[in-house]
Amino acid sequence: MSSLTLHRRLIQIWAFVFKNWIIAKRNVFTIFEILFWPVVGFFSVGLLTSFLELDPNKTGFILVGVISMSVIQVCQIDVAYVLLYDLWSKSLKHTFIAPVQSFQLILGSWLIGVIRSFFVFLLLSIFSSLAFGFDLLRPGIGPLILFLLGLFLTAASVGMSVCILVLLFGYMADVAAWSFSGLISLICGIYYPVFILPFPFPQIAQAIPLTYFLAYFRSFYGFNEGFKNVLAWGFGLAGLYVVAEAILFKAVLHRARKTGVLIKLSE
């Protein structure tokens, strides 16, 4: 790849970073996604742990899950918004008229999601320390970076799933942007170990990368959920899903162009 081609692709990726940033900056309600709802959810659960007088380890177990879910929700919604905003404004066809590839669209929106969700993580980390005495830096910088990378990759997979459903089902798919996170929180053990779930949910949880990333980070706080090679499984599954969904997204986009779905969703 020549330097000129690389430069052009980086500009195309940056265009979607800038697009999502402009949308977020001009929409006052996006502040609820990065400040209000994550903070309210965090304190609601955190205060519940205080009321139940849980020991510090169990409180940490739950707070790790709550913070993780907030990070994933904020990051994945940015990936989903790259098509949802165009869907709602009936301008979907204009995005794909531009000389861009699908991976540039996803990568650009994911990068702004990483930035916004990292801010949420920092904010909730400070609150967890001040309000509940829980230190998220105890495992060290290295494990923390690996944990966050796992969350960001999981969010990319969830956001791409929403984008694929938008191209397949149009307006009926926008509910997936919020419902997927709820399903993940139910199955992956955000508030409890996955082994207490009835069959077959523990087996389903083992097919979701977040289960392993949570088990990895919680292991530094004395919890052993019985999983082995958690990072290998977590990153292996996350990478597999991202690659598979990238291929599927490209195929679905090709189908939408051939069948005229892009035009119909832009009228």
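The values are calculated or read from the model by the stated rules, or taken from the named source; none is laboratory data. The structure presented is a predicted model; accordingly, all values stated were derived computationally and were not measured. Here Cβ is always computed from backbone atoms with ideal geometry, including for glycine, and neighbour counts include all displayed protein chains.
Scan region 146-158 residue by residue and report those that are touching a Leu at 6+ places or on another chain (Cβ under 7 Å) and either free of Cβ contacts under 8 Å to residues at least 60 places away in the same chain or within 18 Å of residue 116 (Cβ to Cβ) (or both).
The one that is touching a Leu at 6+ places or on another chain (Cβ under 7 Å) and either free of Cβ contacts under 8 Å to residues at least 60 places away in the same chain or within 18 Å of residue 116 (Cβ to Cβ) (or both): 154.
Among (1) in contact (Cβ under 8 Å) with a residue 24 or more places away in the chain; (2) surrounded by fewer than 19 Cβ atoms within 10 Å (Cβ to Cβ), there is one condition residue 161 misses while meeting the rest; what is its number?
(2)
Condition (residue is more than 25 Å from residue 81 (Cβ to Cβ) and of a type outside the set (Phe, Trp, Tyr)) applied to region 146-159: is it met by at least one residue? If you could, list the steps in order and put the result at the bottom.
Of region 146-159, the ones more than 25 Å from residue 81 (Cβ to Cβ) are 146.
After this cut, where a residue has to be of a type outside the set (Phe, Trp, Tyr) as well, the list is 146.
Yes, the conditions are met somewhere in region 146-159.
When residues of region 219-247 are filtered for being surrounded by 15 or more Cβ atoms within 10 Å (Cβ to Cβ) and assigned to a helix (DSSP H, G or I), how many remain? Before the answer, list the steps.
Residues of region 219-247 that are surrounded by 15 or more Cβ atoms within 10 Å (Cβ to Cβ), as a first pass: 219-221, 223, 225, 227, 230-231, 233-235, 237-238, 241-242, 245-246.
Subsequent filtering for residues that are assigned to a helix (DSSP H, G or I) retains 219-221, 230-231, 233-235, 237-238, 241-242, 245-246.
Adding up the residues that qualify gives 14.
Quick one: how many residues across region 174-218 are in a loop (DSSP other than H, G, I, E, B) and either touching a strand residue (DSSP E or B) at 6+ places or on another chain (Cβ under 8 Å) or of a type in the set (S, T, N, Q) (or both)?
The qualifying residues number 1.
Give the residues of region 184-198 that are aromatic (Phe, Trp, Tyr) and in contact (Cβ under 8 Å) with a residue 40 or more places away in the chain, sorted by residue number.
Of everything in region 184-198, just one residue is aromatic (Phe, Trp, Tyr) and in contact (Cβ under 8 Å) with a residue 40 or more places away in the chain, namely 191.
Working carefully through the options 190, 247, find the one that is of a type outside the set (Ser, Thr, Tyr) and within 19 Å of residue 59 (Cα to Cα). Step through it out loud before you land on a result.
Working: 247 fails: within 19 Å of residue 59 (Cα to Cα).
Checking each option against the conditions leaves just 190.
So is residue 211 polar (S, T, N, Q) and buried (at least 18 other Cβ atoms within 10 Å of the Cβ) or not?
So residue 211 passes the test.
I need every pair where a residue in region 46-74 that is among the hydrophobic types (A, V, I, L, M, F, W, C) has its Cβ under 6 Å from the Cβ of a residue that is exposed (fewer than 13 other Cβ atoms within 10 Å of the Cβ), sequence separation at least 6 or different chains.
none
Can you tell me how many residues within region 81-102 are of a type outside the set (D, E, K, R), surrounded by 15 or more Cβ atoms within 10 Å (Cβ to Cβ) and in a helix (DSSP H, G or I)?
Qualifying residue count for the region: 10.
Looking at region 131-147, is at least one residue at positive phi, surrounded by fewer than 18 Cβ atoms within 10 Å (Cβ to Cβ) and in a loop (DSSP other than H, G, I, E, B)?
yes
Please determine whether any residue of region 240-250 is acidic (Asp, Glu) and in contact (Cβ under 8 Å) with a residue 60 or more places away in the chain.
Checking region 240-250: at least one residue is acidic (Asp, Glu) and in contact (Cβ under 8 Å) with a residue 60 or more places away in the chain.
Which condition number in (1) over 19 Å from residue 161 (Cβ atoms); (2) at pLDDT below 85 is the one that residue 104 fails?
With respect to (1) over 19 Å from residue 161 (Cβ atoms); (2) at pLDDT below 85, residue 104 is out only on (1).
Being modelled with pLDDT under 90 and assigned to a helix (DSSP H, G or I) is the requirement here; does residue 126 meet it?
Details: modelled with pLDDT under 90: no; assigned to a helix (DSSP H, G or I): yes.
So residue 126 does not fit the description; no.
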